[in-house]
1. Contact list please: Cβ distance under 6 Å, first residue in segment 396-419 and more than 20 Å from LYS340 (Cβ to Cβ), second residue assigned to a helix (DSSP H, G or I), pairs at least six apart or on different chains.
2. Are there any strands (runs of 3 or more DSSP E) wholly within segment 202-319 with 3 or more residues that are out of contact with any Cys (no Cβ under 8 Å at 6 or more places or on another chain) and in contact (Cβ under 8 Å) with a residue 40 or more places away in the chain, and if so which?
3. Within segment 422-458, track down each residue that is in contact with a helix residue (DSSP H, G or I) (Cβ under 8 Å, 6 or more places away or on another chain) and not in a helix (DSSP H, G or I).
4. Considering each residue of segment 350-367, count those that are surrounded by fewer than 21 Cβ atoms within 10 Å (Cβ to Cβ) and either touching a helix residue (DSSP H, G or I) at 6+ places or on another chain (Cβ under 6 Å) or among the acidic types (Asp, Glu) (or both), and give that number.
5. Could you tell me which numbered condition PHE465 fails, if it satisfies all but one of (1) more than 13 Å from the ligand (Cβ to nearest atom); (2) within 22 Å of MET71 (Cα to Cα)?
6. Checking GLY375 against (1) modelled with pLDDT under 95; (2) more than 10 Å from the ligand (Cβ to nearest atom), which single condition isn't satisfied?
7. Looking only at residues in segment 77-115 that are among the charged types (D, E, K, R) and more than 24 Å from the chain's Cα centre (by Cα), which one is nearest to GLN426 (Cα to Cα)?
8. Just to be sure I understand the filter: pairs with C-beta atoms under 9 Å, separated by 6 or more residues or on different chains, first member in segment 57-76 and touching a residue at least 40 places away in the same chain (Cβ under 8 Å) and more than 30 Å from PRO277 (Cα to Cα), second member in a loop (DSSP other than H, G, I, E, B) and among the basic types (Lys, Arg). Which pairs pass?
Amino acid sequence: MEALDVHENNENFKEHSPLTETRSSDLDPSTSQTAKRKFAEIETNNSPQDTKLFKAEKFWDFSLESDVVVMEGAPCIFLPPIPEVEFFRFNLVKQMRDEYQDICKQNEGIDAPQESFNRWLLERKITDKGTDPILPTACCNDVSPAMFREIIHDVPIRISKIKSCSDARRQLFRYGEAAKHMIESRNLSLESRKVVKWHIEDTLSWLRKEQNAVLTDYLNRLAHIRRQCGPHLVEAARFSVENICKKMYFIAQENAKKLLDKHHAVLRLYKIDVPAPLQPSGKLCPVKPVPMLCATPMLTNSITQVAIKGTVSLTYNANTLRINHRYLEKLEQLYRCSCKDDPTMQLFLPRVWCLLRRYQTFFGPNQYEGIMLHGALPTQVFQCLHDTFGVTMECFASPLNCFYKHYSSAFADTDTYFGSSGPILQFFPVRGSFEANAPFVEELMEAMVDHFEKLLKQSNEPLSFIVFVPEWRDPTPVALLRMENSAFKRKQVLIPAFEHEYRSGLHHAAPQKEVYHKAVHGTLIFFLQNDPGFELWGPTQQRLRKLITAFKPVARHHNRQQD
Ligand code: SAH
């Protein structure tokens, strides 16, 4: 593997070195506050000239053909999307979000950690073999490690970003009080109780005596008490936090049953039989959307459409969803390329409505929620990945954020009509060059690395994955460590925080000016390739320079001006 010498041309973009690490406090994936702050910046930074440029930008390019070859998988076992069922699913998931908040409050006295419900859904789907496209019902364990980790992290209180000396003092005091309450109300061993009690008393007496302490004194004290008491409090809370995870999983199973019953009832009304699942054929074939097992009922006139100022409102049964007009056109292009069972486009609007309903259910109800899990690379980068590294597919995408017409996505059932090959872990390419920008969920990122390594091991055809991950350290996620030490790694490059941008995950429905936001974390790019893949698409210095240049926000502006 050759050494990358990008420093001479561009000192801002560096090959990975410990000296370029960013502090993890800046990288907290769950701080949607950060996302909000970023968006506020964008709103104030955008000039009318910028807005004009956004309008000129090409956010997808479906003229790019793919040479990907795959081992054909089984048809999708989920039933075809139907607005009535999708609406029911939305209501059940909404209720579950409230239930999650209530259970966290009741059991642990904390708010449900931000977006942890979303990450739970994503993590559960890694092993789920159940009947619902969004709710987990048949996972390999009841207790989600992601949900457990995120709740326990906030026990006995969530330490929020410390802004001042008085804030640090207040949080230290609250921690002590909450820990005291825990040892009084939970089952702890005598020894644990003694240790925690001693540290609390020591801290509270320090707080009473020390009136002139500075910020670092408080931070050191807080770190110290968390280090000393944390493990004992985790043990005290383990049983109850595991119960929260089990309860949520149980509710998901119950709700999935209700959904399946309703779905079957609607299909029966339309006299549509549900065939038995099929085995994968295992044949090699060019990439294509995942086939559905079951036909869709002809649902006509169920959706009304109203266009207002560049956005379109689609309403089913008084439930209205909005999409930017340009994105509705995008979906139509994808539908015409990919959908085989609806030549007259009768099902187009019901399927778009179900797709929007699904993704909004998945994102969550709050403004900017889900934004961190669906951020996309700049279009300039996608163009460069295609021109320079032969990339023709995204491993993690949706019909709303895809750049290429072929991609893997979370929901085979709603997305297949718009070109999706289904979830990445059920997709088995043997040849091709891929881009992968996974949602920031540690377990999913780890499963992705496992999957890519297996595929690379099995294939003698050129195969390449260019993987983009946040540069989290302290601790470094397993996925990142695995890629750093992978036998298939050809190169790793760091694009530092605040020197590059991501596209909003809500771009399809957000105002045009809210498209790009600065990355608050560094992005690491890994090139995982087998030997034939390296020969064809290896990260040479020249190619890397092009990719690094494409990441510069300024390059994006120049290119759009030239368009
Ligand atoms: N396509 C863009 C945006 C990626 S955001 C890019 O590559 O830059 C991550 C996307 O992964 C989201 O759209 C999310 O819905 C999707 N996703 C989630 N789970 C997935 C899975 N198991 N397989 C494929 N895509 C998935």
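The values are calculated or read from the model by the stated rules, or taken from the named source; none is laboratory data. Bear in mind the structure is a predicted one, so any value in this text is a computation, not a measurement. No Cβ is skipped: glycine too gets one built from the backbone with ideal geometry, and neighbour counts run over all protein chains shown.
1. Between residues of segment 396-419 that are more than 20 Å from LYS340 (Cβ to Cβ) and residues that are assigned to a helix (DSSP H, G or I), the close pairs are PHE403/PHE382.
2. Numbers: elements: 284-286, 304-308, 311-316.
In segment 202-319, the matching strands (runs of 3 or more DSSP E) lie at 284-286, 311-316.
3. GLY422, PRO423, PHE428, PRO429, VAL430, SER433, GLU435, ALA436, ALA438, PRO439, PHE440, VAL441
4. Summing the residues that are surrounded by fewer than 21 Cβ atoms within 10 Å (Cβ to Cβ) and either touching a helix residue (DSSP H, G or I) at 6+ places or on another chain (Cβ under 6 Å) or among the acidic types (Asp, Glu) (or both) in segment 350-367 gives 1.
5. Failed condition: (1).
6. Status for GLY375: all satisfied but (2).
7. Step one: of segment 77-115, the residues among the charged types (D, E, K, R) are 84, 86, 89, 94, 97-99, 102, 105, 108, 111, 115.
Cutting the leftovers down to more than 24 Å from the chain's Cα centre (by Cα) gives us 84, 102, 105, 108.
Working: GLU84: 28, ASP102: 34, LYS105: 37, GLU108: 37 Å.
Residue satisfying both the conditions and the ranking: GLU84.
8. TRP60/LYS405; ASP61/LYS405; PHE62/LYS405; LEU64/LYS405; GLU65/LYS405
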